[in-house]
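Engineer: I'd like to ask you about the structure that follows.
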Amino acid sequence: DIPAGTGLGSSSTVTVGALHAMYTFQNRAVLPEQLAKEACEIEIETLKKPIGIQDQYIAAYGGFKLIEFQKDGQVKVNPIHLERTRKQQLNENLLLFYTGMKRQAESILTEQKENIKDRLVILRHLTQMAHYALDELQNGNIDCIGEMLDESWQLKKQLASGISNGIIDSYYQTARKAGALGGKVTGAGGGGFLLVYCPHQKRDAVRSALHTLREIPVKLEPSGSKVIFDYRR
């Protein structure tokens, strides 16, 4: 449904989906954890892509999750429980716009990986923010997501050059002036999609301000990889 190379995890989603389809073709049941691990092996170890493992795990598991990546290589996937009305509010306040810019994520991610040792303070802060956001969400403070998206986006831009540019910054500031509380470019950055959070009453103003960009309808997905059609002669 979307252009490739635009930061929405499409490559990992395709890998997880293809694995799931092949297991199903062999009449073999497979757990999300196995799908995620094998997708990571294919992309990172076999294809040598300089990527993380978050996309494979959320594609396999789906839903609204807190995913923790441990130092020993273990991955903990825990569901986040929100009241239905709160989840609906969060869903409605997230808007996704296509910037029209494609980019090569590998160069950005390679530089980001090389910079890790010099950016540990920023990375630790981003980790802490995820846990803080979870607490705020469960306390009913949905708007915290917008505020924390803004803070995390400013931090993310320090991880490597090329994550943002003048055009992206202009779009982002336009959204903010129209009432968005925060946002970020999805994926590695450098182009692709701009995700913004805005209070319900500001959505029309933000859409009008970014009218030159194509908005993509988006909603929280309740489940991960699943077989939706299995026809055998």
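The values are calculated or read from the model by the stated rules, or taken from the named source; none is laboratory data. Since we're looking at a predicted model, the values are computed, not measured. For neighbour counting, all protein chains shown are included, and Cβ atoms are generated from backbone atoms with ideal geometry for every residue, glycine included. For the accessible areas, the whole protein counts, side chains as well, though only heavy atoms, and no ligand, DNA or RNA atoms are used. Shrake-Rupley method; radii C 1.70, N 1.55, O 1.52, S 1.80 Å.
Engineer: Between LEU126 and LEU220, what length comes free when the chain is fully extended (0.36 nm per residue of separation minus the Cα-Cα distance, one decimal in nm)?
Structural biologist: That pair, LEU126 and LEU220, stretches by 31.7 nm at full extension.
Engineer: Percent relative contact order of segment 103-233, based on C-alpha pairs within less than 8 angstrom and at least six residues apart?
Structural biologist: RCO, segment 103-233: 23 percent.
Engineer: Can you give the accessible area of THR99, probe radius 1.4 Å, in Å² rounded to 10?
Structural biologist: Accessible area, nearest 10 Å²: 20 Å².
Engineer: Might you report the magnitude of the Cβ-based charge dipole of the chain about its Cα centre, with Lys and Arg at +1 and Asp and Glu at -1, to the nearest 20 debye?
Structural biologist: Roughly 360 debye, rounded to the nearest 20.
Engineer: For GLY183, what residues show an amide H to amide H distance below 5 Å, using hydrogens built from the backbone and excluding near sequence neighbours?
Structural biologist: Counting only residues 5 or more places away or on other chains, the set is ASP150, TYR197.
Engineer: Checking the table LYS76/LYS202; LYS117/LYS177; LYS76/LYS177; LYS113/LYS219; LYS65/LYS113 against a 32 Å threshold on Cα-Cα, which pairs fail?
Structural biologist: Distance filter (> 32 Å) returns LYS76/LYS202; LYS117/LYS177; LYS76/LYS177.
Engineer: Can you give the accessible area per residue of segment 75-233, in Å², using a 1.4 Å probe?
Structural biologist: Value returned for segment 75-233: 58 Å² of accessible area per residue.
Engineer: Measure off, as a whole percent, the carbon and sulfur share of the 1.4 Å-probe accessible area of segment 77-186, all protein chains present.
Structural biologist: Ligands and nucleic acids excluded, carbon and sulfur give 49 percent.
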